[in-house]
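Sharing a structure with you now.
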Amino acid sequence: MAIYLGLDSSTQSVTATAIEVDDAGKRAILFERSFRYDEALPEYGTRYGVLPSSDPKIVHAPPLMWSHALDRMIDELVRDADVDWSGLRALSGSAQQHGSVYVNVLARGRLGSLEPGLPLVEQIGDLFARRTSPIWMDSSTNTDCAAIEAAVGGARALATLTGSRAFERFTGPQIRKFAREDPDAYASTDRVHLVSSWLASLLAGRHAAIDPGDGSGMNLMDLTSRRWSSEAMRATAPGLDAKLTPVEDSWSIAGTLSPYWTRRYGLPPARVVVWSGDNPCSLVGTGLVSEGLVAVSLGTSDTIFGIMPSPQPSADGTGHVFASPTGAYMGMTVFKNGSLARERIRDAYGMNWAEFSAALSRTAPGNNGRTLLPWFDPEITPLVLAPGVRRHQLETADADGNVRAIIEAQMMALALHSKWMGVRIRKIYATGGAAANRDILQVMADVFDADVLQLETGNSAALGAALRAFHADRLAEGRPLAWDDVVAGFVTPKVDAKLKPHAAHAATYKKLMETYAARERAALG
Ligand code: ADP
Ligand code: XUL
């Protein structure tokens, strides 16, 4: 019996999912555990996993907290008496994308010589060249985006090279801003990591590589060669080529668990597989390993993604093409006003999720034309830097109307802004925290006029990381498995739980979507 562990360091929480596999065909989820940073590690002062900021465009989080959470999670899982971790063969991880971790030269020696008798956080505080990390919710780099695009010949040229035009949250523009605003701290940075590669480095006891899946979210990687682009690095910051950790295949082995983990926690020297981003991991964890299927993740961000056989960047600059950790490509569109925007409406009317669902069922699909543009925070898709909710024919006091309006807005925005992928969507795999809510998923089915399926596990990112560890371990042993065989038995949709579209509602949304698109265009000016 072999155990594979997947860790997911997300915006608000950390999750661990372990799977067990044997040669006789047994496949089971062995262990799932999650905790939220705000509650488990209140000393870092985060709210929803991020530090308070007076400027809505600036969103940072402490890299020490993510590191602490990793240590806390490993501690919690080895205390679980029901699991014999001596069977752990390999582990990998998933992390919120784009966030960058800046470490100094001390990390080179320290990573491999951490003292097993002392907690991790007491030994790594002096390794950060920047105490806080900008994360994917940050949108403060508009001028850096413009400068990078201009240096490489425009937005289209950058999208053809890296898979995306410049986006405010992408790591390249964030590095450019840091190098510009704090050149001394940039100079003392020996390595720039992503959240994913930093946490993998802590586990392996050496600087780990960035995988092409997460590397695609930086505006720095040549999407075709899956290597850093010297042109993009030049456009970003001086001396960056010496600071970036290399890109390596998503199935490469960063090392084995370092003595800190084996001695402190009694874990075996399991293989540490390079980590990836949460969306690329979710692609694997929802079983979307072949073309023609899409998933919608309703997490802190709302995302829609699916496999693409060849890289075709969106002509209008809406979405992204990422390298998929399976070796193909993935198309994706991302929204910032996801779960937290739903929570704002829920909380504004003093509801819980059951009451929120009841409000959805009391209102008619189409909401009698009442809409809102859900830009509580600056939005990624479409680009909105000055936040503000815009209501049409909708009173703020109308609780039920606002509940339906936010869900319809989010679903219509997902449908409208994923058209560039050119897929006729007939079936959607739903994942992320809000995918537990079937009333929300019914609106999704009606807006997309497609079947919506729920999966057995809500955390497809952590499951995807565990499955990636399984895949990489079998490859390293010389017993490779095809991706379909890796995911088989783990990503089965829940039986009898399919949400089907109603023809009349789908027709209503087809019309309302035109109105919504027009209201969006008008608001953008
Ligand atoms: P992350 O992207 O940080 O991994 P998750 O996928 O764990 O986030 O989703 C967390 C979110 O799920 C919470 O912020 C909450 O709003 C949402 N959520 C949880 N349960 C429900 C529910 N029943 N209905 C709607 N949303 C829910
Ligand atoms: C993807 C994105 C978010 C984060 C957080 O481009 O910005 O989905 O990965 O989950």
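Just in region 372-476: which GluC sites (Glu not before Pro) are loop by DSSP and have at most 11 other Cβ atoms within 10 Å? Walk me through the numbers on the way to the answer.
On the way: sites: Glu379, Glu395, Glu408, Glu456; in loops: Glu395, Glu456.
Passing both the DSSP loop test and the Cβ count: Glu395.
Express as a percent, rounded to the nearest 5, the fraction of DSSP beta bridges in the chain (both residues included) that run antiparallel. Present the calculation step by step, with values, prior to reporting the outcome.
Details: 52 of 73 bridges.
Bridges in the chain are about 70 percent antiparallel.
Could I ask something else about it? At a probe radius of 1.4 Å, what is the per-residue accessible area of Arg362, in Å² to the nearest 10?
150 Å²
Related question: Which order do you get for Trp420, Trp136 if you rank them by accessible area with a 1.4 Å probe, largest at the top?
Values: Trp420 50, Trp136 15 Å².
Listed by decreasing accessible area, they come as Trp420, Trp136.
Evaluate the charge dipole of the chain about its Cα centre and quote only its size in Debye, nearest 20, assuming +1 on the Cβ of each Lys and Arg and -1 on the Cβ of each Asp and Glu. Can you show the working numbers first?
Details: 52 positive and 58 negative charges, 176 e Å.
Here the chain has a charge dipole of around 840 debye.
So what does Arg479 come to for accessible area, using a 1.4 Å probe and Å² rounded to 10?
Arg479 exposes around 100 Å² with every protein chain in place.
A further question follows. Which value, in debye to the nearest 20, describes the size of the charge dipole of region 318-428 about its Cα centre when Lys and Arg Cβ atoms bear +1, Asp and Glu Cβ atoms bear -1, and nothing else is charged?
Numbers: 13 positive and 9 negative charges, 92 e Å.
For region 318-428, the charge dipole is close to 440 debye.
Expressed as a whole percentage, what fraction of the accessible surface of the chain belongs to carbon and sulfur atoms when a 1.4 Å probe is rolled over the protein heavy atoms?
Details: 9200 of 18520 Å².
On the chain, the fraction of accessible area on carbon and sulfur atoms equals 50 percent.
For Met308, enumerate residues with amide H under 5 Å from its amide H, sequence gap 5+ or separate chain, H modeled in the peptide plane.
Tyr329, Met330, Gly331
Turning to a different aspect of this structure: Sorted from largest down, give the three principal axis spans of the alpha carbons of the chain, whole angstrom values.
Extents along the principal axes: 64, 55, 44 Å.
Apply the Karplus parameterisation 6.51 cos²θ - 1.76 cosθ + 1.60, with θ equal to phi minus 60°, to every residue of region 444-453 and state each ³J(HN,Hα) to the nearest whole Hz, in sequence, with x for glycine and proline.
In residue order, the calculated couplings are 4, 4, 5, 5, 7, 6, 9, 6, 10, 10 Hz.
Still on this structure, I have one more. Residues of the chain: accessible area per residue at 1.4 Å, in Å²?
Numbers: 18520 Å² over 525 residues.
Ligands and nucleic acids excluded, the result is 35 Å² per residue.
Can I ask one more? Classify region 190-329 as rounded, prolate or oblate from the Cα gyration tensor: take a ≥ b ≥ c as the square roots of its eigenvalues, call it rounded if a/c is under 1.5, otherwise prolate when a/b beats b/c and oblate if not. Don't skip to the end; give the middle numbers.
Values: a/c = 2.22, a/b = 1.28, b/c = 1.73.
Oblate, since a/c reaches 1.5 and b/c is not below a/b.
Run lengths n ≥ 4 of DSSP H only: what is the helix-derived mean residue ellipticity at 222 nm for the chain, with -39500 (n - 2.57) per run over all residues, to the nearest 500? Intermediate values should be presented prior to the final figure.
Details: 20 runs with 193 residues, N = 525.
After summing the helix terms and dividing by residue count, I get -10500 deg cm²/dmol.
Next question. Please work out how much accessible surface Val121 shows to a 1.4 Å probe, ignoring ligands, DNA and RNA, in Å² rounded to 10.
Number for this one is 40 Å².
Leaving ligands and nucleic acids out of the surface, order Met233, Met330 by accessible area at 1.4 Å, largest first.
Values: Met233 20, Met330 0 Å².
Solvent-accessible surface, decreasing: Met233, Met330.
Gap in Å between the Cα centre of region 185-260 and the Cα centre of region 1-76?
Here the two parts' Cα centres lie 21 Å apart.
Calculate, in nm to one decimal, what Glu514 and Arg362 gain on full extension: separation in residues at 0.36 nm each, minus their alpha carbon distance. Write down the numbers at each step before the final one.
Details: separation 152, 0.36 × 152 = 54.72 nm, distance 2.41 nm.
Once the chain is fully extended between Glu514 and Arg362, it gains 52.3 nm.
A further question follows. Give the ranking of Tyr48, Tyr186 by solvent-accessible surface, highest area first, calculated with a 1.4 Å probe. Let's see the in-between values first.
Working: Tyr48 60, Tyr186 10 Å².
Final ranking, largest accessible area leading: Tyr48, Tyr186.
The values are calculated or read from the model by the stated rules, or taken from the named source; none is laboratory data. Keep in mind it's a predicted model, so treat the numbers as computed, not measured. Reconstructed Cβ throughout: ideal geometry from the backbone, glycine too, with neighbour counts over all protein chains shown. Note: areas computed on protein heavy atoms with side chains; ligands, DNA, RNA excluded. Shrake-Rupley method; radii C 1.70, N 1.55, O 1.52, S 1.80 Å.
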